[in-house]
Every structure is written in C-alpha cells, then in structure tokens.
1. How would 50, 143 line up from fewest to most surrounding beta-carbon atoms within 10 angstrom?
2. What length, rounded to one decimal in nm, is gained on full extension from residue 53 through to residue 140, with 0.36 nm per residue of separation minus their alpha-carbon distance?
3. Hey, rough spin-label estimate for residue 150 and residue 15, points 7 angstrom out along Cα→Cβ, what's it come to in nanometres?
4. Once you place label points 7 Å from the Cα toward the Cβ at residue 95 and residue 7, how far apart are they in nm?
5. Translational diffusion coefficient of region 2-176 at 25 °C, 0.890 mPa s, Stokes-Einstein with Kirkwood Rh over Cα pairs, in µm²/s as a whole number.
6. Under 37 °C and 0.692 mPa s, how fast does region 58-124 diffuse according to Stokes-Einstein, given a Kirkwood radius computed over C-alpha pairs? Answer in µm²/s, whole number.
7. Please work out the FRET efficiency for the pair residue 84 and residue 28, using the Cβ-Cβ distance as r and a Förster radius of 35 Å; give the result to the nearest 0.05.
8. Percent relative contact order of region 2-176, based on C-alpha pairs within less than 8 angstrom and at least six residues apart?
C-alpha cells in the first residue's frame with residue numbers, strides 16, 4: 001500500500017528501514033510527547049516486525065506507514081489502527097523535519113484513506129495537552145477537539161492527560177446525534 005501526497009510518499013515499512021527508523025524512534029526529544037520510546041534497538045526491530053506482519057493480515061487492522069520523500073528513507077511514521085468501524089490515528093516526525101507541514105500532510109492523507117477507502121464511522125486521535133503543535137496538526141486536518149481524558153496514560157511512571165480529537169463521517173455523525 002502506498003499513498004502519495006504533494007511532497008510525500010507514505011509506504012509500507014520493510015525491515016531494511018531499521019537504521020532510519022531507529023534514528024528518530026530513539027530520539028529522546030520525540031519520546032517527550034508519546035507513550036513509547038525512546039526506543040532501544042530491540043524496540044525498533046519489534047516495531048518493524050509488527051508493521052511487516054500487519055501487511056499480510058487477511059483482515060488488516062493496522063496501517064502503519066513510513067513517511068518518506070520519493071525513494072527516500074523514512075523520517076517519520078503515520079498509523080491508523082482499526083477496530084469495529086472506528087480508527088485511531090497517530091503520527092511522529094523526526095525532529096529535523098518539525099514545523100514544515102509534513103505531519104499535517106501525512107496525517108491528512110491517512111485520515112482521508114480511513115474515511116474514503118475504509119469507510120470508518122469515526123477516527124480519533126490523542127495528544128498530550130502540552131503538545132500544542134500536534135493539537136494544531138489535528139485541527140488543520142479537520143479533526144475537532146471533543147474532550148480531555150484525565151490521567152489516562154501512564155508514561156514513564158507518571159499519569160498523563162490526553163486531548164481527544166475526532167473526525168466522524170457525516171452519515172455516521174448524523175445518526176449519532
């Protein structure tokens with residue numbers, strides 16, 4: 001599976017992506033805002049093995065794609081996990097590429113894929129309240145802040161809040177009201 005945007009190629013991971021993925025997944029600056037990492041080599045290897053295995057699932061529920069420039073190494077990741085007609089969106093971009101719109105471009109593409117191709121009723125995403133850049137990305141791609149989960153994630157020994165964003169397909173949204 002591949003998704004092409006104006007500047008990016010979102011493609012399936014391979015085990016050959018290890019060095020590029022580990023470069024950003026092991027970065028302590030990225031781990032500040034997520035509930036994983038910084039990755040050890042074993043963590044990155046396990047992540048790539050999980051991504052490759054999901055590609056062969058008869059009923060695919062995990063679409064985690066490498067964020068790359070055409071024919072380039074990954075400098076980020078965007079993912080959509082699916083369960084019972086709903087999806088959960090996430091993304092990470094290496095620190096050197098922050099602030100250039102790549103997260104917005106990649107997340108918008110996968111959100112569109114979830115709505116149009118998978119026909120998901122709702123797609124949600126979360127971010128830490130202090131991660132204002134990520135909250136702006138979610139708003140830019142049309143997701144709406146619908147609430148805050150208080151102390152919902154244990155991250156490095158501390159309970160942390162999550163802002164919750166949602167994008168509902170109009171038909172499902174209409175019936176839910």
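1. Values: 50 12, 143 22.
Exposure proxy ranking, most exposed first: 50, 143.
2. On the way: separation 87, 0.36 × 87 = 31.32 nm, distance 3.17 nm.
Value of the extension gain: 28.1 nm.
3. Label-label distance for residue 150 and residue 15, simple model: 4.7 nm.
4. Taking the simple label geometry, residue 95 and residue 7 are separated by 2.0 nm.
5. On the way: Rh = 16.6 Å.
Translational D for this selection: 148 µm²/s.
6. Working: Rh = 12.4 Å.
Here the translational diffusion coefficient equals 265 µm²/s.
7. Details: r = 35 Å, r/R0 = 1.01.
Efficiency, from the Cβ-Cβ distance: 0.50.
8. Numbers: 311 pairs, mean separation 31.3, N = 175.
Across region 2-176, relative contact order equals 18 percent.
Laboratory data are not the source of any read-out in this text; all were calculated from the coordinates shown. Since this is a predicted model, take the numbers as computed values, not measurements. All Cβ positions, even for glycine, are placed from backbone atoms using ideal geometry, and neighbour counts span all protein chains on display.
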